[in-house]
Amino acid sequence: MAQEANSEKVIELLKSIQDQWVCVDGGWGVDALLGVQTRVHSDLDLIIHQDDVSVIDQALCNQGFTQMSEVDGLVYASNGLFVDLHLVCLDQKSYGHFDLPNGGSWPFPPEAFEATGEIGGFEVRCLSVDAQVQCHAQGYSLKPKDISDMRALQNKYGCVLPLAFYIDGTLTNGA
């Protein structure tokens, strides 16, 4: 059973890798942009440079995490807590490229990784509002927590959410 990844645990982990380039993504990334924890999180999604895997792997192992899978990035676990590492490769223009299952890549401009937010008073680099919306608009049906996250970003930042999220004028799972 998954435990709650509370802000203290997240901050402790982020401090242990603060010398590395790390960008907080997913639910914690949304909450960092909002500046407040809005819901319970069972995992922490981190975007890292592909070249930093061994250093971050060692830092996670030093904190008792073990690698569980390599399906969609690298997944680590410790006592029911999960850390998902999503790898990017930077090109000469500093675009971060995510590998796609079909062998292609999904490029994100440097600005996508330059937002800052706050988790429990600790400043973090996080995925930008626009990049968060794009990630939520691709490849999966939104869960109620995702809809709530997107609505909160729209309320705070006035971002445009994809039309696919709406059915009959209501924000839905896009399915």
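The table that follows gives values for the structure above.
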item	result
The chain - share of DSSP beta bridges that are antiparallel (%, nearest 5)	75 percent
Distance in nm between pseudo-label sites at residue 100 and residue 114 (7 Å out along the Cβ direction from Cα)	2.5 nm
For the chain, with +1 on Lys and Arg beta carbons and -1 on Asp and Glu, the positive-most of 87, 69, 26 along the dipole	26
Equivalent ellipsoid semi-axes, the chain, via Cα gyration tensor eigenvalues times 5, rooted, Å	25, 19, 16
Cβ-Cβ FRET estimate between residue 69 and residue 151, R0 fixed at 30 Å, reported to 0.05	0.45
Euclidean distance between Cα centres, segment 31-77 to segment 123-170, Å	21 Å
Among 104, 129, 161 - extreme Cα towards positive end, dipole of the chain, charges at beta-carbon	161
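Bear in mind these aren't lab numbers, they're just calculated from the coordinates by the rules spelled out. As the structure is a prediction and not an experimental result, all values here were calculated from the model. FYI the Cβ positions are ideal-geometry reconstructions off the backbone, even for glycines, and counts take in every protein chain you see.
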